[in-house]
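Worksheet: one structure, shown below.
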Amino acid sequence: MDNYLQTLNEPQLEAVLNTEGPCMIIAGAGSGKTRVLTYRIAHLIKEKNVDPFNIMALTFTNKAAKEMRDRIEKVVGSDARNLWMGTFHSVFARILRAEAHHLGYPNNFTIYDTDDSKSLIKSVVKEMGLDETQYKANLVYNRISSAKNKLIGWQEYLANPMLMGDDAGNMRPEIGNIFKAYSLRCFKSGAMDFDDLLFNTDKLFREQLEVLNKYQQRIQYVLVDEFQDTNLCQYFIVRKLANRYQNVCVVGDDAQSIYGFRGADISNILNFEKDYPDLRIIKLEQNYRSTKTIVEAANSVIAKNKAQLPKNVWTSNEDGHLIELIKSVSDNEEGRLVASSIFEEKMQHQYTLSDFVVLYRTNSQSRSIEEALRRMNLKYKVVGGLSFYQRKEIKDLLAYLRYSLNQQDEASFRRIINTPKRGIGDTTIDKIVVAANDHAISIWEVLENVTSFLGGRSSGPIEDFVTKIKRFGVEIQNKDAYEAAFEIAKSSGLLKELYEDKTAEGLSRYENVQELLNAIKEFVDDPEKEDKSLGAFLQEVSLVTGQDENKDNDPDKVTLMTIHMAKGLEFKNVYIVGLEEDLFPSQMMLSSRAELEEERRLFYVAITRAQKKLFLSYATSRYRFGRLKNCEPSRFLDDLDQRYVKVSSRFSGNDSYSPNPNYAKNFVSGMKKTVSSQPIVKKTPTAYKPPVDFTPSDTRSLKEGMKVEHPKFGFGTVVKLEELGAERKARIHFADFGEKTLLLSFAKLKIHEN
């Protein structure tokens, strides 16, 4: 037996050696599916003498395709380069390059990327005289993409009363006509978008049987990775290609099907046996990644789903640590507790920062985690997205806030003058800048007297802009930071524009802006902040975002990402945060059992990223839309077999419970009842009133254990002193206000004799 086969367990070996006929390999998390798929292809070439030109292997990422090709090449040599291997889009583009003339396209057709497609849609909308705010390019593009992935062309779309009715109900009755105009423009330009690479391949095989026959003859073996993520169009193409020889092998895990929002259809894997009655099913159930505790806890979660293929994932790894459940009273405290936990685990067990990942359901949740990691000087990277304060929508709103405060801020002016669109083009902006330079005055002075400098044609939108900024300035003077920021976000049109974009990306951007407003509300509600003004908040943010500028290439960083981005990855220590009802599971995914089960699969994916230790976190209150709201623990915590969970000792406030590895199974249910029946958030105590002769002491002599008095928080004990550059800070436990960390140069503390 070849060396590469000797590393396989019995089911893996069965999956590699049985190459003929239809086969479905159900690969549990961490079960070595990539190795099996790789060796199966290598075995076909090396032992079965199959020409690589006759093998097609389809993946979902270029990275996965390259990794598999490199592994195969180590076994069979340079022959691996002749495989039909790559993503669905790249392999089908290769077919279309040779056959596109059958569909009336040139063989050197252009491939439009997403930006190209959205730009063309924007042009079509404009030419049709439609409202660009109602028919946003992003929204229309997603609607068209979804249709194509279900094999619905523009003709079928216009003839479908249900689709047209949905559009009419959403006040966008012209989407079908935009679809038609867009498709015809692409065809006329000899161009295909990404979805056309799939849609037109299926169309080619349906309409040109001699072409289909040619590729059925040529492709004798078809292998598909991550089969649970295929959409209808991809499945139909695979089925057509494999129809002659029936040598189709699909590898996947229904428990990890989490891309329904992208068009993935879990029924492809659940019902695969119906299309192939003589299907060989091989289950890879041994997990090589995680501890027994993590594997069995994950099993207890996914067992609650009804739509699934039966399997029993197991491991021979060590039992490992119990899963740690972290409870906090707010999202900010959740960030602090998670950051503290990472620091402690790193120091106690000599981990590197890259051994840690923090997973969340939505991008907006990264803010509190990022800020907590920064405070502890723990480096981090945000994967699959920008750091919170670097996101476009956040920068846009911050620019509005800054410019409303300071009209001399040219960078902010350039960012917001035409955001949202108000008909002020680059040429007009250049004229404004030139006028300011020529007359040695500020841009703001030009804007205030725009008619004198530019004439009446461009003055209307600019005069409206100036009026808004002046009104925002009045808001800032008369209101606290949150009230002013909310009014600016609303009246600027930013909130409305984001709210109307109902795509997944639009929803994420809207949530991010809401999270920034939540941060401002927390700033205002913080009793430690004496200055509640917008200027004070922006100064604090500037100090935070300034740290983003210091880029470095150090790979040793904590990873932050959404759970969707984490699929296929593994980390020694995993933190899953925000495990609350309406957040995870998402409120958007509770309208059907199918949606809820996809959310549960997402939780399963998150759990199974962990190798050594798993931490689950939830907050009993969280700012949502500027209001502090009580939160219920996620129903998914109930799904976990409580034998594998312990309550963290990193609890907050004055909670009286202590860690207990064997706490009752109804603990979380009991917590839910507690949350729903009484307020969890403690009412802020009345500010302490100091005596009239209160005089702060010289704090240079301050030591740990000393009793102190603060003019707002009253009496407390110094818990810890720390150096912060030239500054000193003290962690002090106050009897009525709990623990506070104060800079001694600002704290106004009076030292009392013990």
What number of residues within segment 415-431 satisfy the criterion of being more than 29 Å from the chain's Cα centre (by Cα) and either charged (D, E, K, R) or outside any loop (DSSP other than H, G, I, E, B) (or both)?
7
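Report, by residue number, each residue of segment 351-377 that is more than 24 Å from residue 564 (Cβ to Cβ) and modelled with pLDDT of 90 or more.
Scanning segment 351-377 gives 351, 352.
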Please pick out the residue among 42, 93, 80, 29 that is under 23 Å from residue 234 (Cβ atoms) and either assigned to a helix (DSSP H, G or I) or more than 32 Å from the chain's Cα centre (by Cα) (or both).
93
Condition met for residue 646 (modelled with pLDDT of 95 or more and open to solvent by 20 Å² or more (accessible area, probe 1.4 Å)):
no
Residue 573 fails exactly one of the following numbered conditions: (1) polar (S, T, N, Q); (2) modelled with pLDDT of 85 or more; (3) under 23 Å from residue 394 (Cα atoms). What is the number of that condition?
(3)
Yes or no: segment 53-62 includes at least one residue that is in contact with a strand residue (DSSP E or B) (Cβ under 8 Å, 6 or more places away or on another chain), assigned to a helix (DSSP H, G or I), among the aromatic types (Phe, Trp, Tyr) and within 19 Å of residue 224 (Cβ to Cβ).
yes
Taking the residues in segment 582-626 that are under 21 Å from residue 264 (Cβ atoms) and among the basic types (Lys, Arg) as candidates, determine which candidate is farthest from the chain's Cα centre (by Cα).
593
Subset of segment 1-23 (residues that are assigned to a helix (DSSP H, G or I) and β-branched (Val, Ile, Thr)):
16
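Is it the case that some residue within segment 675-683 is among the charged types (D, E, K, R) and either surrounded by 14 or more Cβ atoms within 10 Å (Cβ to Cβ) or at pLDDT 85 or above (or both)?
Within segment 675-683, not a single residue is among the charged types (D, E, K, R) and either surrounded by 14 or more Cβ atoms within 10 Å (Cβ to Cβ) or at pLDDT 85 or above (or both).
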Six or more apart or on different chains, Cβ atoms under 8 Å: show the pairs whose first residue is in segment 561-583 and closer than 16 Å to residue 289 by Cβ and whose second is among the acidic types (Asp, Glu).
571/355; 572/355; 573/345; 573/355
Tally the residues that are farther than 30 Å from residue 350 by Cα and either surrounded by 24 or more Cβ atoms within 10 Å (Cβ to Cβ) or touching a Lys or Arg at 6+ places or on another chain (Cβ under 7 Å) (or both), restricting the search to segment 621-643.
11
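Any residue that is under 30 Å from residue 561 (Cβ atoms) and at pLDDT 85 or above - is there at least one of those in segment 454-466?
no
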What pairs come out if I take residues in segment 28-52 that are open to solvent by 10 Å² or more (accessible area, probe 1.4 Å) and pair them with residues that are of a type in the set (Ser, Thr, Tyr) and not in a loop (DSSP other than H, G, I, E, B) whose C-beta lies under 8 Å away, six or more apart or interchain?
39/4; 50/221
Qualifying residue in segment 466-489 (condition: over 21 Å from residue 394 (Cβ atoms), acidic (Asp, Glu) and open to solvent by 20 Å² or more (accessible area, probe 1.4 Å))
no
Taking the condition touching a residue at least 24 places away in the same chain (Cβ under 8 Å) and not charged (D, E, K, R), does residue 149 pass?
yes
Scan the helices (runs of 4 or more DSSP H) fully inside segment 200-274 and keep the ones with 1 or more residues being of a type in the set (Phe, Trp, Tyr), open to solvent by 10 Å² or more (accessible area, probe 1.4 Å) and more than 25 Å from residue 104 (Cβ to Cβ).
232-241
Does segment 407-423 include one or more residues that are in contact with a Lys or Arg (Cβ under 6 Å, 6 or more places away or on another chain) and buried (at least 23 other Cβ atoms within 10 Å of the Cβ)?
no
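The values are calculated or read from the model by the stated rules, or taken from the named source; none is laboratory data. Just so you know, these numbers come straight off a predicted model, no measurement behind them. With ideal geometry, Cβ positions are generated from the backbone for all residues, glycine too; neighbour counts draw on all protein chains shown. Areas reflect the complete protein model, heavy atoms only, side chains present, ligands, DNA and RNA absent. Shrake-Rupley method; radii C 1.70, N 1.55, O 1.52, S 1.80 Å.
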